[in-house]
Every structure is written in C-alpha cells, then in structure tokens.
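*Asks:* One structure is given below, represented as structure tokens, and several questions about it will come after.
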Amino acid sequence: MLLQSERMRPFCFATMVSLLFPFLAALGGTLTSSPTRSSLQHLEVFNINADGSSSVPRYYRFEQLLTLPQITVKTATDPNTQQPATYTGVYLNDLIQALQSSPEGTVLGANCYDGYQQYYDPDYTEKHHPIFLLKYDGKAPADWPKSEHNSPMGPYCVVHENFQSSETIYGYTEAPRIPFGIVSVELTSYALSFGKFGAPDRHNPEVVKGERIAIGSCISCHNNGSAGGKMAQRPWQVLAANSIYNGNYFRQYVVNPQKFKPDVAMPAHPTFDSVTLDALQAYFKTMLSGN
Ligand code: HEC
C-alpha cells in the first residue's frame, strides 16, 4: 500500500516562523496555513483545479484545528473500536469554511494513507452531521486506540454521533462515510467529484438507481480520473468493461470478492440481489464511453 503520509517536507525556517504566531490563525473563523509539513499530524489540504489537477498543498497544525468551534458528543458504538466513545471534533461544514474554500468548493474529499477516499457534499453533511475527529475520549490522536483491524485511526478520522441511513435502493442501503487514517483533505466542486460518476444518459430509471448505488458503494476505492479513491487501482472504465464483457464475473465479484481473491480489501455485498446487480450493470453500461 502506498504510504502517502511519508511524503514529508523538510522542516524549514518558514514553519518555525509560523509556529510563533499560533493564535493569529483563528481570527475570523479561518485558519492561516503553512507551506510545509513538519509533522504527520499536520493536516494537508489542497484544492482540485478545474482540469482535475491538485493545487500546491498547504498545512494546518493540530493546535490550529483545536481553535475551530468544537463539539463533544457521545456515541454508543464507535465503528472503529466497536466501543462506546466520546468524540470531540469539528463539524465538517465548519472545517470547510475555515479552510477557505472557493464558492464552488462545496465538497470535501478525505484521503486516507492507503488510497481510500470519501467525499462529503452539503446534502450528506446536512443529513448526517459528520464530525472531523480531534479527540477520542479526550485524547489527542497519538493516543487513540487502534481500530478493530489493528489499523491506526489517526492522524484524523470522520465519525458520526448517531448515523441513520437515509436511502435504500433494492438491496443497497446508504452506509456511513467513516474513513480512518486520513492524511489529507481536498476541496473540490460537485462537478469534479460526484459529477464525474454521473451517467451520461439518465432516461432509464434503472441507470439512475445504479448510479446512486455505485456512488454510495464503489467510489471510495475505484476512481474515475482524479475523482474517487485509488485504493483498488481498478478505475471506473475497468469496472464498466467488466460489467459489459464479463457480466457474470462482475456480478459474482461484487457480491463476494473473497471468492476470487481471499485477501482482497473490497467488502462483500451480500445484500445485492439480482435487481440490485441489474441496476449496477445498467449504469456501468452507460459509462464505458461516457468520458
Ligand atoms: C474498500 C475498497 C473497495 C470498495 C468499496 C469496492 N472495491 Fe472493488 N475492488 C477493490 C480492490 C482492492 C480490488 C482488487 C484489485 C486487485 O485485484 O488487486 C477490487 C476489484 C474489483 C473488481 C475486479 C476487477 C478486475 O479487474 O478483476 C470489480 C469488478 C470491482 N472491484 C467492482 C466493485 C464495485 C461494483 C464496487 C461497488 C459496489 C466496488 N468494487 C467497491 C476495492 C474496493
């Protein structure tokens, strides 16, 4: 797996100077960034440009993030540890504002060390109030417990106080977007994130359903160009080709990928029955030449 967090930048004079002025940062609810990263705990932030490329990154210190409006909530079951927990953090909406996004930059992408990615748009944040976690049971990230699978939860993760799914389509149910091991966030537009997965022809309602299912279930690991996660290293066009020319394999793989690759990190989708798979295939069929 690619450890993006190891792209360290040298600790330079500019960082030392910026460290001397920590509280200027919080004025007006926005934060002043540094051009260098001297700790993995620094949050890397970049913008996605209109051509899909990434801007030069900027960095924010943990202490700076602590100056944003914070909330503390309790959850009955933390998804990383399966234990009750107390979360202290910043609502993602407040984080987006503080990071001085442009007016089109309404979507935040959280990028994890292993290429996994989740996007947050205003619709999701209004419904589910995701929290960018800063303290777990009062502790800073260095002291966070390991997740169930012994992976680090930090340097950052996104959690919810009490997630309630708001959408079901056939055998698909909306799942919480709960990445851990977040090393950077990107500010992007709807068009350059979710929009890249929009079906070119939306007349067929099954295609539209398939699009919702795929966006909800697949884009965290399968990218389309610069949009979506790159964990799988199998971009959208590969999935589309599989769904058209190797439909049986596609259907079986989605339901139970471990049957083909025992250690694969792709989750099984046991609730995806044949109508769910039909909708997914109808959607992917429209995506092969869609770009
Ligand atoms: C947590 C990450 C993750 C998610 C979510 C995910 N996948 Fe995957 N997917 C993978 C990985 C990893 C592989 C294996 C790549 C390899 O063989 O090395 C893979 C492989 C595949 C393959 C086989 C491709 C090939 O070339 O043989 C298909 C088809 C596929 N995924 C479809 C989907 C679909 C459709 C969804 C959504 C319903 C989905 N995946 C969701 C990680 C994911």
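*Asks:* In segment 117-133, which residue that is touching a strand residue (DSSP E or B) at 6+ places or on another chain (Cβ under 7 Å) and surrounded by fewer than 20 Cβ atoms within 10 Å (Cβ to Cβ) is farthest from Leu68 (Cα to Cα)? Can you show your working first?
*Replies:* Residues of segment 117-133 that are touching a strand residue (DSSP E or B) at 6+ places or on another chain (Cβ under 7 Å), as a first pass: 117-121, 129-133.
Narrowing the set further to residues that are surrounded by fewer than 20 Cβ atoms within 10 Å (Cβ to Cβ) leaves 121, 129.
Working: Asp121: 20, His129: 16 Å.
Step by step, filter segment 117-133, then rank; the result is Asp121.
*Asks:* Okay, next question. For segment 215-225, how many residues are near the ligand (Cβ under 6 Å from one of its atoms) and more than 12 Å from Gln117 (Cβ to Cβ)? Explain how you work it out, then say what you get.
*Replies:* So in segment 215-225, the residues near the ligand (Cβ under 6 Å from one of its atoms) come out as 217-218, 220-222.
Going one step further and asking which of them are more than 12 Å from Gln117 (Cβ to Cβ), we end up with 217.
Within segment 215-225, residues that are near the ligand (Cβ under 6 Å from one of its atoms) and more than 12 Å from Gln117 (Cβ to Cβ) number 1.
*Asks:* Output the residue which, of all residues in segment 51-60 that are assigned to a strand (DSSP E or B) and hydroxyl-bearing (Ser, Thr, Tyr), is surrounded by the fewest Cβ atoms within 10 Å (Cβ to Cβ).
*Replies:* Within segment 51-60, the subset assigned to a strand (DSSP E or B) is 54, 58-60.
Those left that are additionally hydroxyl-bearing (Ser, Thr, Tyr): 54, 59-60.
Numbers: Ser54: 13, Tyr59: 20, Tyr60: 22.
That would be Ser54.
*Asks:* Within segment 233-291, can you find the residues that are closer than 25 Å to Asp201 by Cβ and of a type in the set (D, E, K, R)?
*Replies:* Arg234, Arg251, Asp273, Asp278, Lys285
*Asks:* In this structure, does Tyr190 turn out to be out of contact with any Cys (no Cβ under 9 Å at 6 or more places or on another chain) and surrounded by fewer than 22 Cβ atoms within 10 Å (Cβ to Cβ)? Break it down stepwise before answering.
*Replies:* Numbers: out of contact with any Cys (no Cβ under 9 Å at 6 or more places or on another chain): yes; surrounded by fewer than 22 Cβ atoms within 10 Å (Cβ to Cβ): yes.
When the stated conditions are applied, Tyr190 passes them.
*Asks:* Among the listed residues Thr67, Thr106, Thr88, which satisfies the condition of being assigned by TED's automatic domain parsing to the domain that holds Pro176, among the β-branched types (Val, Ile, Thr) and within 19 Å of Pro145 (Cα to Cα)? Outline the logic, then answer.
*Replies:* Working: Thr67 fails: within 19 Å of Pro145 (Cα to Cα); Thr106 fails: within 19 Å of Pro145 (Cα to Cα).
Exactly one residue qualifies, and that residue is Thr88.
*Asks:* So, one more: When you go through (1) under 21 Å from Glu174 (Cβ atoms); (2) among the small types (Gly, Ala, Ser); (3) away from the ligand (no atom under 11 Å from the Cβ) one by one for Gly229, which number turns out not to apply?
*Replies:* Answer for Gly229: the failing condition is (3).
*Asks:* When segment 232-251 is examined, which residues are found to be free of Cβ contacts under 8 Å to residues at least 24 places away in the same chain and more than 9 Å from the ligand (Cβ to nearest atom)?
*Replies:* Across segment 232-251, the qualifying residues are Pro235, Tyr245, Asn248.
*Asks:* Restrict the check to segment 254-269 and report whether at least one residue is among the aromatic types (Phe, Trp, Tyr), near the ligand (Cβ under 10 Å from one of its atoms) and buried (at least 19 other Cβ atoms within 10 Å of the Cβ). It would help to see each step written out before you state the result.
*Replies:* Let us first name the residues in segment 254-269 that are among the aromatic types (Phe, Trp, Tyr), namely 260.
Keeping just the survivors that are near the ligand (Cβ under 10 Å from one of its atoms) gives 260.
Next cut, buried (at least 19 other Cβ atoms within 10 Å of the Cβ) only: none.
Looking through segment 254-269, none of the residues is among the aromatic types (Phe, Trp, Tyr), near the ligand (Cβ under 10 Å from one of its atoms) and buried (at least 19 other Cβ atoms within 10 Å of the Cβ).
The values are calculated or read from the model by the stated rules, or taken from the named source; none is laboratory data. Everything numeric here is computed off the predicted structure, so don't read it as measured data. We place every Cβ from the backbone using ideal geometry, glycine too, and count neighbours over all the protein chains shown.
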